[in-house]
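Right, one structure below, let's go through it.
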Amino acid sequence: WLTGLSFKSIQAEKLSQRVGDTGCWFLESEQFQKWVDGSAPSSCLWCPGHPGVGKTILASIVIDYLQSLDYEEKTLILNIFCDYKSAATQTIANLLCSLLKQLVQDNGLSGPITSLYNQFYFDLTPPALSVLTKILSQELKSFSHVYIVLDALDEFTDDKQEELINKMRSLGDNIHLLVTSREIPKIGRLFEEDARLDIQATDADITTFVADKLSRGDLANLINGCDDLGEVILTGVVEKASGMFLLASLHMDSLTQSTNQKILKDILKELPDNMKNAYDETMERVYHQGKYKSALASCIFGWIVFARRPLTVLELQHALAVELGTMTLNPDNLCSEDLLGSVCGGLVVID
């Protein structure tokens, strides 16, 4: 009755994609451990990463790790997986409802939540955001520690990202908030005072992933008895993956199409070191963010692609501000530096 949003299936699906002990480098890092035990200066940890490095799977690994710990004090673990395809239903109110729903599923109904049910269920009207915030804050006070893992903030509605983070921070002093996202300047500004731990797919993790794929299925049968070929594949895919799990996965899918070792070797030689499929999805998100922002993104891509050298921020701002048929530059047409990066879904980096 609170919300149809449920992240349990997403958590289970993403965690099932973990191979071996990948991600342990993150769990064992000093920044993460300080966030867990509360000794860090800030109770929020921002974890940016480039497309394809495995941010969502790492978020699921963090959730699983937190759930596996033995706590001396009363502790609650909550999670949110943002998805641009679900922007219509993933409102701030619905996400708060989801957190309240997770709390009830783990700890049962309290008196205030029962009263909320009696008040709103039969009226078929959802509680106001202020009501949800108040009751959720009250419920969370009964816990010594509340861990909230929020994945893919960059996929949440662009003009509501700051409000969402502020709402999470306002839920109580016992909140430990971990946020993953692409590295976008506008998002980075929200966490300037917080700890940061960059997400990177290590060669060791990608090697573990590729070795697992080679140990089973058609590829295992194809290279059976040819250890040298297996090593060549392992080295080649890890090198071409360029630190991206997604690209390594696409490469392994391509190699699986082989019917003999000759074809396998030919495909291996032709493996691209790009992420076309991953970027196709990113471009879909860019072009679904509204008429004016998507048009701006297209112009930015055009100027960057066809420029003979890297552009400065000011040069790009002026180029975008030019209006055909006019001889002067209108200052009102200038876009902010933050907007230049945010409308491009992380594909444009301002260095």
*Which residue, of Phe26, Phe81, Phe32, is under 14 Å from the mean Cα position of the chain (by Cα) and either more than 28 Å from Val131 (Cβ to Cβ) or buried (at least 18 other Cβ atoms within 10 Å of the Cβ) (or both)?*
Phe81
*Determine if region 337-347 includes at least one residue that is under 30 Å from Gly225 (Cα atoms) and without any contact (Cβ under 8 Å) to a residue 60 or more places away in the chain.*
no
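Which is farther than 23 Å from Asn166 by Cβ, at pLDDT 90 or above and of a type in the set (A, V, I, L, M, F, W, C), of Cys24, Cys97?
None of the others qualify; the one that does is Cys24.
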*List every residue pair whose Cβ atoms sit under 8 Å apart, with the two residues 6 or more apart in sequence or on different chains, where the first one lies in region 319-332 and is in a helix (DSSP H, G or I) and loosely packed, with under 10 Cβ neighbours inside 10 Å and the second, anywhere, is of a type in the set (Lys, Arg) and modelled with pLDDT of 90 or more.*
none
*Check Val348, Val313 and return the single one that is surrounded by 11 or more Cβ atoms within 10 Å (Cβ to Cβ), of a type in the set (Val, Ile, Thr) and under 23 Å from Asp83 (Cβ atoms).*
Val348
*Assess whether Gly52 counts as being crowded, with 20+ Cβ neighbours inside 10 Å and either free of Cβ contacts under 8 Å to residues at least 40 places away in the same chain or on the phi > 0 side of the Ramachandran plot (or both).*
yes
*Answer residue from region 285-310, given it is among the aromatic types (Phe, Trp, Tyr) and assigned to a helix (DSSP H, G or I) and is farthest from Asp83 (Cα to Cα) among those*: Phe306
*Could you grab me the full set of residues in region 286-297 that are within 20 Å of Ile350 (Cβ to Cβ) and within 23 Å of the chain's Cα centre (by Cα)?*
Val286, Gln289, Lys293, Ser294, Ala297
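The values are calculated or read from the model by the stated rules, or taken from the named source; none is laboratory data. On a predicted model such as this, the values are computed, not experimentally measured, just so you know. No Cβ is skipped: glycine too gets one built from the backbone with ideal geometry, and neighbour counts run over all protein chains shown.
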